[in-house]
Each structure stands twice: as C-alpha cells, then as structure tokens.
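Read-outs: derived from the displayed coordinates by stated rules, not from any lab. As the structure is a prediction and not an experimental result, all values here were calculated from the model. Cβ: placed from backbone, ideal geometry, glycine included. Neighbour counts: every protein chain shown.
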Amino acid sequence: MIGQDGRMNLVLAAIHLEPSPRSVPLGPAMLAAALRRAHPEAIRTRVLDLFLQQSAEACAAQILALDPRWVGFSIYVWNRALSRDIAQILRVQNPSILLFAGGSEASADPEGLLREGWLDFVLPGEGEELIVEVLGRLLKGTPVEEIRRVSGPGFVKDLATLPSPYLDGSLDPAAYPGILWELSRGCPFRCDFCFESRGTSGIRRVPMARVKAELERFEACGVSQVFVLDPTFNFDKRQAKAILRLIAEQTPAIHFFFEVRSEFIDAELARLFAALRCSLQIGLQSADDAVLRRINRSIDRSDFEAKALLLHQAGATYGFDLIYGLPTDTLEGFHASLDFALSLAPNHLDIFPLSVLPGTRLHDTAPDFGLRHLQDSPYTVLASPTFTEADMAAASRTARACDLMYNQGKAVPWFALLLEALALPPSELFGRFADFLEAHSGPDITALQVAFFSTCFPDPRVASVAADIVTYFGRSGNLLEALALDPQGTHSYLAEFHHDPMVLLGYLENGLTDLEHLAAILPEQACRAGLFVEDGEVQMQIPDTEETR
C-alpha cells in the first residue's frame, strides 16, 4: 500500500475487450500523467492491462500483487460486470483498499454504479483534473463520504494544460501493437444515441505543438498503427489538412484510422487522405432521412454519394457504419440502407444493433418510441413497434453474413461484379448466404464463398469463373493481411483454379467483366498457381508442369 519511498500505491485497471492493436490504456495513462505531475512525491501510479477473457480471480490477483492503497477502474459497456466481480474479490481479500471508477459508464450512470455497492466513489466526466483534486484530498485525510459529495463531473477546459502520457513516459508507444491518439474532445453534433457531446458544447482540440511532438515520438518508437480519437476529425477542414500534411511529412509509414463526417469532405481532403496509409470510417447509420431525424441526425443522399465518390476517385480507403433497430425504422428500411451503402463500394461495412446508452438523450426518449432494450450492459434494443424481435434477429443474421462475406471475406474487388451477374440487391444476397451458413461452416472464408457461389449460378461454366475470381482475390487479400501482421515473413499460397488465372485477370483488367462472356471465351484449363508477396504486392506464378497443362 505504501512503498519504501513513502508513496501511496495506486493501480488504474484498464480492462480491454481482447488483445488487439486498439487495446491501449490511454485513459488511465492520461490520469497517471496528471498525477505524476501533481503528486510525484506522494503517489506511485501503475497502469495495469487486463482483458475480458481473464477470470475475475486472475485479474484481482494481478492487482493485489501491486499492493495498492487505491484501485481505479475504467468502466465501459463491455467490462462493467467483470469490474464489479473483480472489485468484490478485492473487498474480501483486502477490505482496506479504496475502490473508485471512471470511464463512460461512470459518467453516464454514476448513481447507479454507487448503488451497486462495490465502489467507494465515482469520478464522472473527464478525470485528469478531478483525480488530482480527489486523491489530493484523500492524502490530507478527507473522509470518503465527503469525497462522494465533491467528485465531479470533471471537465477540462483547455487540453493544452494536460500532460501527454506519450511524452512524459507514462505510456510507452513501443510497448503496444497500436496506439490510441486523442486529438479532440467534444462534438458539435447532438446525435441522440451518442454520449460524446452530452453536457458539453463545442470542440476542444489538442494544440498543434503537441500533435507534432507526439508524431515524432510515434515515429521514433516504430509505431505501425494509430487509431485517432476524434469523432469529427474533418469538421475543421483547415486543421485536418494541416495534420494530414504533418503526418505525410513525419510518419509516412504509419497506418492511421480516422472517423470523419461526409459533409466536410472536399477534393483536396480526399487527395490528402489517399496520399497516406490510412482508413476512414464514416457514420452513415441509416440512408433514410426521416429515420435519422428521429435521432437528431440527417442525410442528403446525393451529397453523401458525391463525397463517397470523391474518396473513391482519389483512391482513399473508407468504410461506413450502419445501425439497425433505430426508432421508426423497419427491417425493409434497414435492408434499403444496406443496399445504398454497398452501392458506394466501401472497403468495409460495420453493422451494429442500436444500444440505448445511459446518459444519452435516446435513453430519455426510448419509452416515447416504444423501444424495448436491455437495462444492463450492452443496452441493446430488443424490439420496437416497427422492428420486432424477429426483425432484430433477421437483421443480426444479415449483419453476420455481410461481415463474413464482405469484410472478412475481402469481397470488395469482386462484389459488384458478381452481384450484377446475379441481378440481386446486396441484402438479398446476404440473406441467401446466411441460409447457406446454417448448413456450412469452417475457418476458410474463401472456401465458404466459393462453395456458396457454386450454388448461385445454374450454369456450371459461369460458376467456375465466379469461383476463380473469388479464389484469386480472396487468397491475395489473405496474403496482404498476413504481410501486414508480419512484414518480415515469407507469405505464399498454392491456389487451385478452373481456368488460367493470368488470362482471366487480363480480361478483367481490360474491362471484360461479364461472367457469361468470360465463361464462353475462357478455355477450361484447371491448374494450380502459386501466389506470393514481393515488394508489398501479390505476384502469381503457374508452374510449367504436365500436371498444369
């Protein structure tokens, strides 16, 4: 509890969903940096990474091994229950430890957390200044009862006043496979389902001097991926462009992930994104303006299409978010939004059920819309007057099929081509794929896709062409993914084709994409081809053997 140097031991526990490049304890590290500056002689802060797959007993043991006087939990939708279970074990094994919590759940439902009885106090809102004040009071002997009365919600007016955990040593960028990078707080929009702007107004931004210094640090530490925490990165287009130019100059080899709004994309911004190693995520949510207006959003479909086209023409990588179960939406409306989204050729499409999060305006208005939802984490909608339980299950089934075929199956290069040949809307294709998956499974998604499309085309010659297209692009995508995970490794695959894949690719590159025409002119020539990565690109070689002639 108290170290040999007389400092109090504080453990800040970050419980991540799973080990991944996004599992970075930035929030706790921000608190640690603030405490390091304010109470360097009185508090020793340890940031501890834990994971949802661990048992509460194992997590508690790791915490107790650090001999803490205080333990703080960052609580989110996914880890509230595990945090509670860990805390209850700590209570039994060391009743003198003071337990507190911050994070989005603590900000949205502080009274609810305290009523559960496993916390001594809660630090809602932004915690850097608040934790310095509260722990300073505890050091002076202030009773916990009084701490409860004065703790929060925290709000940092000027982000320039906060120390950077990446620059002061509180968080080592080299210790993680990816980095979370905060550039702003707040949001200018008021989406009812989101907690981002509740209780605040406007946007506060990290100063450019710190942006530049942190980029230099990332480059020096060999960071490969950066996930930008700014829900409206391009709202201030001038600053966004300045940051993108800075990234191009200082960290051209790092891959960045941005959240952007379609309304603020212009041709120059599209070109700047395309010039970087980056991916963009755009919150579409629904393509129905009437539905969106129920949650304080809107969409101009023509403008959305035009902005997506700018990204597509520039060669930028972008994806969309969709939500099903929105107030007044229907299953048919969700399918229409899905079809609209995929007509714009996104590189990926993430689909989620609506969650009615505590602290959001939607949580207040849910009864007015007749939304039935889980009262505990993850707060997902169960049904509404226009979206029944059966509809929610059907949408979930479609979402899974879409993720497996389109995202995990790396279908972007061939999806529109096969869709046109089948004359189906994407939502119907995913429905058929969902039916197929009820009887077929396996870890090899490309093999599943090939087997599925063999059932879609009545002409076996056309089916064989479709299979070759899916095989080539699927296996190529797998190799490039493996390269990203292991840049120094050797990556290759021996694939089987019904036709000479080099001839097929030549036709596709020359604009011949009609499957029936291809089936008519391609000679049947079953062969194996070796796919391998060279200089970052997939190459192909067909062995000149009797077996392949």
28 Å Cα-Cα reach of K237 towards lysines, excluding residues that sit fewer than 8 places from it in its own chain: K157, K212, K307
What is the Cα convex hull volume of region 446-549 when expressed per residue in Å³? 105 Å³
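In region 486-549, which GluC sites (Glu not before Pro) are in a loop and have at most 12 other Cβ atoms within 10 Å, using DSSP for the loop call? Please report the intermediate quantities before stating the final value.
Numbers: sites: E496, E509, E516, E524, E534, E537, E546, E547; in loops: E524.
Loop-located and lightly packed - E524.
Quick one: if the Förster radius is 41 Å, what FRET efficiency do Q88 and E249 give, using the C-beta to C-beta distance and rounding to 0.05? Working shown, then result.
On the way: r = 51 Å, r/R0 = 1.24.
Plugging the Cβ-Cβ distance into 1/(1 + (r/R0)^6) gives 0.20.
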If you stretched the chain out fully between E420 and M208, how much longer would it get, using 0.36 nm times the residue separation minus the C-alpha to C-alpha distance? 71.6 nm
Evaluate E = 1/(1 + (r/R0)^6) for D289 and E219, where r is the Cβ-Cβ distance and R0 equals 45 Å; express this FRET efficiency to the nearest 0.05. 0.55
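Which three semi-axes in whole Å describe the equivalent ellipsoid of the chain, each the square root of 5 times a Cα gyration tensor eigenvalue, listed largest first? Before the final figure, lay out each step's value.
Numbers: eigenvalues 426, 147, 109 Å².
Working from the Cα gyration tensor, I get semi-axes of 46, 27, 23 Å.
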Mind giving me the FRET efficiency for A42 and L66? R0 is 22 Å, r the Cβ-Cβ distance, nearest 0.05 is fine. 0.85
Rounded to the nearest 10, the angle in degrees between the Cα long axis of helix 80-93 and the longest principal axis of the Cα atoms of the chain comes to 40 degrees
quick shape note, region 203-336: Cα extents on principal axes in Å, largest first -> 50, 29, 25
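Among 438-449, 328-339, what's the highest-first ranking by average C-beta atoms within 10 angstrom per residue?
Numbers: 438-449: 13.5, 328-339: 20.4.
For the peptides 438-449, 328-339, the packing ranking is 328-339, 438-449.
Rounded to the nearest 20 debye, what is the charge dipole size of the chain about its Cα centre when +1 sits on each Lys and Arg Cβ and -1 on each Asp and Glu Cβ? Please list the in-between numbers first.
On the way: 46 positive and 71 negative charges, 455 e Å.
In debye, rounded to 20, the chain gives about 2180.
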